[in-house]
1. Give the residues of the range 225-250 that are closer than 16 Å to residue 11 by Cα and either open to solvent by 80 Å² or more (accessible area, probe 1.4 Å) or assigned to a loop (DSSP other than H, G, I, E, B) (or both), sorted by residue number.
2. Could you please give the count of residues in the range 152-192 that are small (Gly, Ala, Ser) and part of a helix (DSSP H, G or I)?
3. Check whether at least one residue in the range 95-110 is within 14 Å of the ligand (Cβ to nearest atom), touching a strand residue (DSSP E or B) at 6+ places or on another chain (Cβ under 9 Å) and either open to solvent by less than 10 Å² (accessible area, probe 1.4 Å) or modelled with pLDDT of 95 or more (or both), and report yes or no.
4. From the list 29, 76, which residue is more than 14 Å from the ligand (Cβ to nearest atom), under 28 Å from residue 189 (Cα atoms) and open to solvent by 20 Å² or more (accessible area, probe 1.4 Å)?
5. Any idea how many residues of the range 1-16 are in contact (Cβ under 8 Å) with a residue 24 or more places away in the chain and surrounded by fewer than 19 Cβ atoms within 10 Å (Cβ to Cβ)?
6. Can residue 24 be described as among the polar types (S, T, N, Q) and open to solvent by less than 50 Å² (accessible area, probe 1.4 Å)?
7. Only one residue in 201, 183 is open to solvent by 50 Å² or more (accessible area, probe 1.4 Å), out of contact with any Phe, Trp or Tyr (no Cβ under 7 Å at 6 or more places or on another chain) and not aromatic (Phe, Trp, Tyr), so which one is that?
8. Quick check on the range 93-111. Is at least one of its residues within 30 Å of residue 141 (Cα to Cα), among the polar types (S, T, N, Q), out of contact with any Pro (no Cβ under 9 Å at 6 or more places or on another chain) and without any contact (Cβ under 8 Å) to a residue 12 or more places away in the chain?
Amino acid sequence: MSKRIEAKNVDIYYSKFKAVEDVNMVIEPRAVTAFIGPSGCGKTTFLRTLNRMHEVIPGAYVDGRIDLDGEDLYGPGVDPVNVRRKVGMVFQRPNPFPTMSIKENVLAGLRLNNKSAGTSEQDEIAEKALRGANLWEEVKNRLDLPGSGLSGGQQQRLCIARAIAMSPEVLLMDEPCSALDPISTLAIEDLIQELKATYTIVIVTHNMQQAARVSDTTAFFNIAGTGQPGKLIEMDSTEKIFSTPTVKATEDYITGRFG
Ligand SMILES: Nc1ncnc2c1ncn2[C@@H]1O[C@H](COP(=O)(O)OP(=O)(O)OP(=O)(O)O)[C@@H](O)[C@H]1O
C-alpha cells in the first residue's frame, strides 16, 4: 500500500510568483518524512503538490515531475481526484463535517467518490478506520452522534480515520498538532508511529522536537528573502539533520538561531 514519491526539478507557482524552486527529493515508503523550515519557505505549498491540491487555487501550477512509484502524478490523463484518493491529507485544524455523525464523517470520502457499500460493509470500513486512528474505543458507543461533539484531539483522529477509510498509499499531514494540547499531540505522534508501518507519511511541522521524535528523514527548506522562492536546502536522516547537519543554515534553524 505504501508508495515511494520522487520529485524531480519541481518549481511551484502562484500565477507569476514562483513560490518554490527546483525541488528534487525522494520520499521513502513506510517511513515518516518531516518538512521543516521558516515561515513562507514553501513547505505547505510543496506538500500540496504531492496530491494535486495546489492546482485548485486559481492561477496555481506546477512544473517538473512528481512520481508515485514511478507513475507521473501530473501525467496526461491522470485524474486529480484519483490522486487525492491515493494521497490523503490531514490539515492543521481538525475539520470534520459539522452536521455529520462520527460514522458519516469516516465514510464521507468514500461517498464523495461514489463508492457504494452495503450497510454492514460500511460499518466494517468505519470500524477498521477508527481502530486504525486509535479512536474506536472512545467513540464506539456514539457513532451516530455529531463529529463536532468530540474534543480537538479526537476530531483530528477522526480526520485521520476519514483519510484512512479511503485506503490511501500516502498520508500528508500539514501541522496536524498545531491546534492541539500536549496530550492530544502525543496521541497523534504515537498514531503516526503506528501508521508508518502501512503508509508513506509526510508531515509539515514547526515543532523541532516533534520532527525529531516522529520522523525518520527530515527535509529543511529555506528562503533567501521576501519574494524569493523557497528551496530545499538539505534532506537526510533525522538523526543526521539534528546532530551534524551539512549546511550552516540548517544548524542555525534547528538550534533556534533564526526562523
Ligand atoms: N494562495 C496563495 N496565493 C499566493 N501566494 C501564496 C498562496 N499561498 C501561499 N503563498 C505564498 O507562497 C509562499 C510559500 O508559502 P507556504 O504557505 O507554502 O509556506 P510555509 O513554509 O508552509 O509557511 P508557514 O510555515 O508559515 O505555514 C509564501 O510566499 C506565501 O506567501
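The values are calculated or read from the model by the stated rules, or taken from the named source; none is laboratory data. As the structure is a computational prediction, the values presented were derived from the model and not from experiment. When we count neighbours, we look across all protein chains shown, and the Cβ atoms used for this are built from the backbone with ideal geometry, even at glycine. The area values use the complete protein model at the heavy-atom level, side chains included, leaving out ligands, DNA and RNA. Shrake-Rupley method; radii C 1.70, N 1.55, O 1.52, S 1.80 Å.
1. Taking the range 225-250 first, the residues closer than 16 Å to residue 11 by Cα are 227-233.
Hits for the range 225-250 are 227, 228, 229, 231.
2. As a first pass, look at the range 152-192 and keep what is small (Gly, Ala, Ser): 152-153, 161, 163, 165, 167, 178-179, 184, 187.
Narrowing the set further to residues that are part of a helix (DSSP H, G or I) leaves 152-153, 161, 163, 184, 187.
Result for the range 152-192: 6.
3. So in the range 95-110, the residues within 14 Å of the ligand (Cβ to nearest atom) come out as none.
Among the residues of the range 95-110, not one is within 14 Å of the ligand (Cβ to nearest atom), touching a strand residue (DSSP E or B) at 6+ places or on another chain (Cβ under 9 Å) and either open to solvent by less than 10 Å² (accessible area, probe 1.4 Å) or modelled with pLDDT of 95 or more (or both), which makes the answer no.
4. 29
5. Step one: list which residues in the range 1-16 are in contact (Cβ under 8 Å) with a residue 24 or more places away in the chain, which gives 1-15.
Still in the running and surrounded by fewer than 19 Cβ atoms within 10 Å (Cβ to Cβ): 1, 4, 6, 8-9, 11, 13-15.
Final tally of qualifying residues: 9.
6. No: the conditions fail for residue 24.
7. On the way: 201 fails: open to solvent by 50 Å² or more (accessible area, probe 1.4 Å).
Being open to solvent by 50 Å² or more (accessible area, probe 1.4 Å), out of contact with any Phe, Trp or Tyr (no Cβ under 7 Å at 6 or more places or on another chain) and not aromatic (Phe, Trp, Tyr) holds for just one of 201, 183, which is 183.
8. Initial filter on the range 93-111 (within 30 Å of residue 141 (Cα to Cα)): 93-111.
Filter again for among the polar types (S, T, N, Q), leaving 95, 99, 101, 105.
Now drop any that are not out of contact with any Pro (no Cβ under 9 Å at 6 or more places or on another chain), which leaves 95.
Those still in the list that are without any contact (Cβ under 8 Å) to a residue 12 or more places away in the chain too: none.
Within the range 93-111, none of the residues are within 30 Å of residue 141 (Cα to Cα), among the polar types (S, T, N, Q), out of contact with any Pro (no Cβ under 9 Å at 6 or more places or on another chain) and without any contact (Cβ under 8 Å) to a residue 12 or more places away in the chain.
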